[in-house]
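A.B. asks: Following this message is one structure expressed as structure tokens.
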Ligand code: PMP
């Protein structure tokens, strides 16, 4: 029975993380897994999160009863307001509502199950490249056709906007189009506002279905409103759409699995049926979501002072990433590294798509103990004032090699 089962290749990002942890080299650097690190190279519990956790620990009124299948109402509403704005008429009228899920991945999974089972959609498009889990999630949820649209112009290291529009134009009606709300993973390149408007026009004209993946709201620019521009534009343009929200990066709640799936719908009549169908999908997968992370996010977003404190934390993270981008580019340039390194500072969010080739990446890992993805993606948060010289010099050497 079990002897028939074959082994699949490991998931690159987790295998890379393990290789880093197992490496005894003293100068090793982890630029792989997407998690924030302080300038000391340590994980960061946001002070405002710590404060709420301490209050929760002493709150005798809290218990470990099950949450409802669709999650903690105060969290879902606050999260929905965070992405669409607190005074958005869609939110106030109930036409935009949230369902708590297991972080961004879980929200995408529930979305995929729903789109496949309830709407009968069969084709999904994500950007090429994209967060690699998109394909897996949709395949496992029953989508027979997981496809890609062009996104990255390798030569000019920028958005291949014409290629993207052409591929969207050629997608069959009712295809699901996954769009990164901000800080595209892995390229760090987003469409401009004008380009978003054109993308929206094609999606509307061709009757495609927009699904936003919002895993970095506020983390990208330090301003959660600015990072939500694209989603808000689509919602205001009258689309029915879904938004998968993650609170892993922007609240530093990676392992708490706090996520929200926002439905934006066009009529009040469909709200109750959708909620009932989604309840059944959730019932069969994990029955009900965890409390801890969602309660922390709700406590912060439902209190103006705490929200301000959280925004300061976002700024701290976003500013550090920006500083590292500037430093890395300056150092590469002052070392006379061949090539143009301007993209390091023009890209946004947690990652930079360096343009390093697979063989250069291999050298960085094997010779310099600097761990990064084969695609050349680096987590900017893995850089700090202690390792930046070492990393810049190593990159320079492999490029010159
Ligand atoms: N979408 C994108 C684009 C991501 O980068 C991530 C995190 N790596 C996620 C979704 C979801 O992450 P999580 O499930 O940890 O919220």
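A.B. asks: Checking the a/c ratio against 1.5 first, then a/b against b/c, what shape does the Cα gyration tensor give for the range 219-309?
C.D. replies: oblate
A.B. asks: Sticking with this one: For the chain, set up a GNM with springs between Cα atoms under 10 Å and report which of 303, 169, 291 has the largest fluctuation.
C.D. replies: Evaluated over the chain, the most mobile residue of the options is 303.
A.B. asks: Then there is this: Binning at 10 angstrom from zero up to the longest distance, how are the C-alpha pair distances of the range 241-388 distributed in percent?
C.D. replies: Cα pair-distance distribution for the range 241-388, in percent: 9, 26, 25, 22, 14, 4, 0.
A.B. asks: Round to the nearest 10 and give me the degree value, 0 to 90, for the angle of helix 47-57's Cα axis relative to the longest principal axis of the chain.
C.D. replies: Result, in degrees: 50.
A.B. asks: log10 I(q)/I(0), Debye, Cα-only the range 268-348, no solvent, q = 0.16, 0.25 Å⁻¹?
C.D. replies: At q = 0.16, 0.25 Å⁻¹ the computed log10 ratios are -0.81, -1.09.
A.B. asks: At 0.36 nm per residue, and after removing the present C-alpha to C-alpha distance, how many nm does the segment from residue 42 to residue 136 gain when stretched out fully? Mind showing how you got there, number by number?
C.D. replies: On the way: separation 94, 0.36 × 94 = 33.84 nm, distance 3.04 nm.
Extra length available between residue 42 and residue 136 comes to 30.8 nm.
A.B. asks: Is it possible to state the helix-based mean residue ellipticity at 222 nm for the chain, with each DSSP H run of 4+ residues giving -39500 (n - 2.57), the sum divided by total residues, to the nearest 500 deg cm²/dmol? What is it?
C.D. replies: -13500 deg cm²/dmol
A.B. asks: Here is a follow-up. On a 0 to 90 degree scale, rounded to 10, what angle separates helix 292-301 from the longest Cα axis of the chain?
C.D. replies: 90
A.B. asks: For 270, 381, 101, what ranking results if the residue with the fewest other Cβ atoms within 10 Å of its Cβ goes first? Mind dumping the intermediate values first?
C.D. replies: Details: 270 13, 381 26, 101 30.
Fewest-to-most ranking of 270, 381, 101: 270, 381, 101.
A.B. asks: Under the classification rounded if a/c is under 1.5, otherwise prolate if a/b is larger than b/c and oblate if not, where does the chain fall, given a ≥ b ≥ c as square roots of the Cα gyration tensor eigenvalues?
C.D. replies: Numbers: a/c = 1.57, a/b = 1.31, b/c = 1.20.
The shape class here is prolate.
A.B. asks: Further question on the same structure: Would you mind ranking 278, 13, 155, 124 by Cβ crowding within 10 Å, fewest neighbours first? Could the numbers behind the result be given before it?
C.D. replies: Numbers: 278 21, 13 16, 155 8, 124 27.
Listing 278, 13, 155, 124 from fewest to most nearby Cβ atoms yields 155, 13, 278, 124.
A.B. asks: Here's something else I'd like to know. In Å, what is the Rg of the alpha-carbon atoms in the range 1-154, and how long is Dmax?
C.D. replies: For the range 1-154, the Cα radius of gyration and maximum Cα-Cα distance read 20.7, 57 Å.
A.B. asks: Related question: Springs between alpha-carbon atoms under 10 Å, Gaussian network over the chain: tell me which of 318, 304, 35 tops the mean-square fluctuations.
C.D. replies: 304
A.B. asks: Place the peptides 336-348, 76-88 in order of packing, highest mean first, counting for every residue the other Cβ atoms within 10 Å and averaging per peptide.
C.D. replies: Details: 336-348: 16.4, 76-88: 20.5.
With the highest mean Cβ count within 10 Å placed first, the list reads 76-88, 336-348.
A.B. asks: Sticking with this structure for a sec: Where does the range 351-399 land on the Kirkwood hydrodynamic radius, alpha-carbon pairs, in angstrom?
C.D. replies: Details: mean 1/r = 0.0939 Å⁻¹.
Roughly 10.7 Å, rounded to one decimal.
A.B. asks: Provide 91, 231 in ascending order of the number of other Cβ atoms located within 10 Å of each residue's Cβ, fewest first.
C.D. replies: Arranged by neighbour count, lowest to highest, 91, 231 become 91, 231.
A.B. asks: Among DSSP beta bridges whose residues both lie in the chain, state the antiparallel percentage, nearest 5. Intermediate values should be presented prior to the final figure.
C.D. replies: Working: 18 of 37 bridges.
Close to 50 percent.
A.B. asks: Given axes a ≥ b ≥ c from the Cα gyration tensor, I'd like to know whether the range 125-245 is rounded (a/c under 1.5), prolate (a/b larger than b/c) or oblate. Write down the numbers at each step before the final one.
C.D. replies: On the way: a/c = 1.22, a/b = 1.17, b/c = 1.05.
Here the range 125-245 falls in the rounded category.
A.B. asks: Can you give me the angle between helix 271-285 and the longest principal axis of the chain, using Cα atoms only, in degrees from 0 to 90, rounded to the nearest 10?
C.D. replies: Long axis of 271-285 versus the principal axis of the chain: about 60 degrees.
A short reminder: the numbers here are calculations on the coordinates, not readings from a lab. The structure presented is a predicted model; accordingly, all values stated were derived computationally and were not measured. Glycine also receives a Cβ, built like all others from the backbone with ideal geometry; neighbour counts cover every protein chain displayed.
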